[in-house]
Amino acid sequence: MLPDTDVYGAETSEEALNVFRTLKPDLVILDINLAGISGINLLRRMIAEDPRTKALMLSMEVEPIHALRALQAGACGYLSKGAPVEELLLAVSSVARGQRYVDKEIATELVSREFTSYSDLIQRLTAREKDILRLLGEGRSATQIATSLGISYKTVANSCSAMKSKFAVERSADLVRVALELREP
């Protein structure tokens, strides 16, 4: 498939780290979900050991937040496992040359989200999510929100996770910031 290429595999993150340390590859292709530590955490360790590491993350996850996390961790590329072989080859050659590459469908979604305001994204929220977001903006904790709405803490936590994905934010503090920005003056 790729001329002058040696390919080595590993089944666990520990095995992958050992192969990385021993062979010093020009390019690392990591699954985001590995046995042991996550592919993203493994990538962080590899980059800490060798900042020149070029990595392409593969995943079944097509939500843009996963691509953002991988890129923020230092990946040069992110590709869905469902991508056609031709796109995989293009991604590998791009990353090997030091360029960024993001799955076409995910890149489209990332750009779309970049130019969509939070107020536009709020239309994608369920009524429950809107209530929770409003209460977050009022400074309430998840426990207080659960009590106020008569729902379980787990429902609040799950709703917050869904909203983080919709707003492409990683931390709960970022979600609170979104809630504050959306509050009417």
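Quick notes on this one:
- Computed per residue of the chain from DSSP H runs no shorter than four, each worth -39500 (n - 2.57), the mean residue ellipticity at 222 nm is -16500 deg cm²/dmol.
- Whole-Hz ³J(HN,Hα) from phi, Karplus 6.51 cos²θ - 1.76 cosθ + 1.60, for segment 35-43, glycine and proline x: 6, x, 7, 5, x, 5, 5, 4, 4
- Calculated FRET value between E14 and A107, using beta carbons and R₀ = 22 Å, to 0.05: 0.10
- Rule-of-thumb Rg ratio for segment 20-83 [Cα; 2.2 N^0.38 Å; N residues]: 1.03
- Radius, Kirkwood style, for segment 118-182 when every pair of distinct Cα atoms is counted (Å): 11.4 Å
- HN-Hα J in Hz across segment 62-68 - Karplus 6.51, -1.76, 1.60, θ = phi - 60°, x for Gly and Pro: 10, 5, x, 4, 5, 5, 4
- Residue-span extension gain [T5 to A48] - 0.36 nm each, minus C-alpha spacing: 13.0 nm
- Percentage, to the nearest whole number, of Cα pairs in segment 41-185 over 19 Å apart: 59 percent
- Residues M57, M163, M46 arranged by fewest to most Cβ contacts within 10 Å: M46, M163, M57
- Protection proxy ranking for 165-173, 23-31, using the average of other Cβ atoms within 10 Å per residue and placing the highest first: 23-31, 165-173.
- Calculated from backbone phi, Karplus (6.51, -1.76, 1.60) coupling profile of segment 163-179 in Hz, x at Gly/Pro: 5, 4, 5, 5, 8, 6, 10, 9, 9, 4, 4, 5, 5, 5, 4, 4, 4
No value in this document is a laboratory result; all are computed from the given coordinates. As the structure is a prediction and not an experimental result, all values here were calculated from the model. So basically every Cβ, Gly included, is an ideal-geometry build from the backbone, and we count neighbours across all protein chains shown.
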